[in-house]
Amino acid sequence: MSSSSSAPPPDGDRPQYTDAELSSALWDYWGSSSSSPDACCGHILGYDDPNHEMSMLHRITATTILDLRRRLGGDPQSSARPAASMDDLLERARRFHDLHGPLLNLRDVIISESPRMTLAAEFKRRSPSKGDIAPPDIRAGDQARTYAEAGASVISVLTEGRWFGGSLDDLTEARLATAAECDDDACPTSSAPGGVGGVGGVSRRRRRPLILRKDFVTSTYQIAEAVAHGADSVLLIVATTPSDVLGELITYARVTFGMEPLVEVHAPVELDVALTAGARVIGVNNRDLHTFRLDMGRTEMTAAALAAKGLSYRHDDDDGADVVVVDDGGDGRICLCALSGMSTMHDVHRYRTAGVGMCLIGESLMRSTDPRSAIRGLCLDPADYRRRTRGGATTSSSGGGGVAGGAYTGGTRIVKVCGLTNPADAIAACRAGANLIGVIFAEKSGRRATVESAIEIVRVVREFGERDDRVDLVDDDDDDDDRAFGGEGGTAALSALVVRASALERASRRLLVVGVFQNQPSDYVRDVVRRCGLDMIQLHGSEGMEAANWKNYGVPAIRVVDIELGADDDRDRRGGEEGVARSSSSKIAAAILGRLTSDPFTILLDTSIKGDSRGGGGTGVAFDWTIAESIQNMGLPVIVAGGLTPDNVSDAVMRVRPWGVDVAGGVEASTGDGGRRGR
Ligand SMILES: O=P(O)(O)OC[C@@H](O)[C@@H](O)c1c[nH]c2ccccc12
């Protein structure tokens, strides 16, 4: 990370430090310890960084050290709150406990949840790699309560202010808002892990969640500060802490407060440092905080190293029996946690299989419009996961999907923003929550992108989605047998499309770029797909169902089905005769389903205007959405397009609850195409 892009957002009267000041603060910190950087695995120099430039992790840590130094020294220039003395903090911590009760112990919480995966749900306003993640008016207390009620037994609160936008006030707010036991419909069994008095399945009350302070802790002062503000535990990062200091901080936390800290490692060599320092709860950050690169395999790598030492705590449920593993009597085995990059029940299950006891999830819960159902969809209880995935075909994480049969009721999962022509708008769309980014190559469009701009868009979207390559959607779930895709309508096609909807939901967490084409030669389409690295295409012309088979272009296709807006349909709709409109919309829906083949990956419904020679798409007009509703009632999740703008999209979502929406993106300026929107 270059130093120019790593400056924090400007923030009031906070002092800015030069690189030289930051660097010397770090070396002072390291110099104060007897352990040399090399002996502690050299992480202070950063991984994969032969030039040993100051990484973001160094910068944030050093800034935190200098900020604290200023506060403790009582900076007369600053209007920031002067820091309390250590004695004051200890007195405040004692008062807090007299009022609100004792600390919860992190290891005990994780073990008592087994075999259910402990969820640490994180409150994080922004991050250095992603910018703003949540709306500015979001309250830590509200979010923490929602998390707790949905089944999180740990709430992690980012308190770092400059890069993560957090504060100690957020911490206290989260602690106080979750002070009471809460009703818990996510509580799995009568043995109610974490529950109180849950005998015989009568009571479903959970104890309050444990509150974790996430910050860049380098001193006992910050630990006392955390406790005084309501934290039960703190994060300690091996990559920035000299090994002897790490040992001192862990011991201080335990002896002074009975606190069990979460010790973060990223590389196997750091595991040894953590173990030597006496850590008992170890979190593997899948993200390298020096480079921000995400490597989901880090957790398994560390789990294997821990298992080889015979130190893994077993959280598993003995092959499916709902047996709670009892405490091991404190024989020193380690609770392993996975941190960063998770969002689905598959991620949780993956780490469950590796022996992990706690998953910490931030960004995807902060971005979720419905964190409650997002948490339920994680299937923390292994029995839930088995139930959801029974029969081999995995259903959507919303729990609403399933192989054909039954209406789709899972809510809106796919948000496509279409017509982007430059990387800045594409990033804005990603930040706003889009998971499909549409780039138009159709000739008639006023929003047509160039190959060069599409290449750039693909680059920034991949970076945002943290992947290096095209997402391979046609995977093991899909049957590569030609007969299954051979153009027969009916249930087989429907089943295939329903399974693919789940696959698309999963894959789109990494954000996909879709190229939109209309009656263009397949050689041309293939060439653009290859040159730009598109993940999918959308066929918008009269190419026909069969043309959408992924084998034609090498990537799966969204097949657009035009809903023609004729004078009659329009009268039906406006006349307000619900019954007539409904019966005609279900007839249209049935006709559409009858035409389906299993060639497309997904179906998108869009408006076309009768008699318009230019064909469907880009009309800026909405069709009768009850057609989409009928199709979904028949079991097929669809994407709805046509006349959706950021202003009216929530209306469509409330009324139809479509699986996907397609919104015209970018700047709503005249396209030079008679006012037609860009698709
Ligand atoms: O938002 P994610 O990808 O779910 O990750 C959360 C958490 O692990 C991440 O915020 C984190 C892990 N270790 C940290 C150290 C400091 C700040 C932040 C972190």
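Quick look at the numbers
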read-out: Complete set of residues in region 241-257 that are assigned to a helix (DSSP H, G or I) and modelled with pLDDT under 90; value: Ser243, Asp244
read-out: Residue among Glu264, Glu260 that alone is part of a loop (DSSP other than H, G, I, E, B) and either acidic (Asp, Glu) or not assigned by TED's automatic domain parsing to the domain that holds Ala304 (or both); value: Glu260
read-out: Leading residue by the ranking (farthest from the ligand (Cβ to nearest atom)) among those in region 269-302 that are free of Cβ contacts under 8 Å to residues at least 40 places away in the same chain and touching a Pro at 6+ places or on another chain (Cβ under 8 Å); value: Met301
read-out: Leading residue by the ranking (nearest to His346 (Cα to Cα)) among those in region 113-145 that are hydroxyl-bearing (Ser, Thr, Tyr) and crowded, with 21+ Cβ neighbours inside 10 Å; value: Thr118
read-out: Considering residues of region 336-372 that are out of contact with any helix residue (DSSP H, G or I) (no Cβ under 8 Å at 6 or more places or on another chain) and away from the ligand (no atom under 16 Å from the Cβ) only, the residue most open to solvent (accessible area, probe 1.4 Å); value: Thr369
read-out: Tally, over region 268-290, of residues that are aliphatic (A, V, I, L, M), within 24 Å of Arg352 (Cβ to Cβ) and buried (at least 20 other Cβ atoms within 10 Å of the Cβ); value: 6
read-out: Helices (runs of 4 or more DSSP H) fully within region 552-662 counting 1 or more residues that are at pLDDT 85 or above and within 27 Å of Met536 (Cα to Cα); value: 578-595, 625-633
read-out: Extreme residue, nearest to the ligand (Cβ to nearest atom), among residues of region 377-410 that are in contact with a Gly (Cβ under 7 Å, 6 or more places away or on another chain), modelled with pLDDT of 75 or more and open to solvent by 30 Å² or more (accessible area, probe 1.4 Å); value: Arg388
read-out: Tally of residues being of a type in the set (S, T, N, Q) and over 25 Å from Thr172 (Cβ atoms) across region 113-125; value: 1
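Residues are listed down the side, and each one gets a yes or a no for (1) more than 15 Å from the ligand (Cβ to nearest atom); (2) in the same structural domain as Tyr313 (by TED's automatic domain parsing); (3) in contact with a His (Cβ under 6 Å, 6 or more places away or on another chain); (4) at pLDDT 85 or above:
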| position | (1), (2), (3), (4) |
| --- | --- |
| Gly42 | yes, no, no, no |
| Ser55 | no, no, yes, no |
| Ile60 | no, no, no, yes |
| Arg81 | yes, no, no, no |
| Ser85 | yes, no, no, yes |
| His97 | yes, no, no, yes |
| Ser114 | yes, yes, yes, yes |
| Arg125 | no, yes, no, yes |
| Asp142 | yes, yes, no, yes |
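Here is a yes/no grid of residues against (1) within 16 Å of the ligand (Cβ to nearest atom); (2) under 17 Å from the mean Cα position of the chain (by Cα); (3) not in a strand (DSSP E or B):
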residue: Pro136; (1), (2), (3): no, no, yes
residue: Thr146; (1), (2), (3): no, yes, yes
residue: Ala152; (1), (2), (3): yes, yes, yes
residue: Phe164; (1), (2), (3): yes, yes, yes
residue: Asp169; (1), (2), (3): no, no, yes
residue: Leu176; (1), (2), (3): no, no, yes
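The values are calculated or read from the model by the stated rules, or taken from the named source; none is laboratory data. Computed from a prediction, not measured in an experiment: that's the story for all the values here. Neighbour counts run over all protein chains shown; Cβ positions are idealised from the backbone, glycine included. The area values use the complete protein model at the heavy-atom level, side chains included, leaving out ligands, DNA and RNA. Shrake-Rupley method; radii C 1.70, N 1.55, O 1.52, S 1.80 Å.
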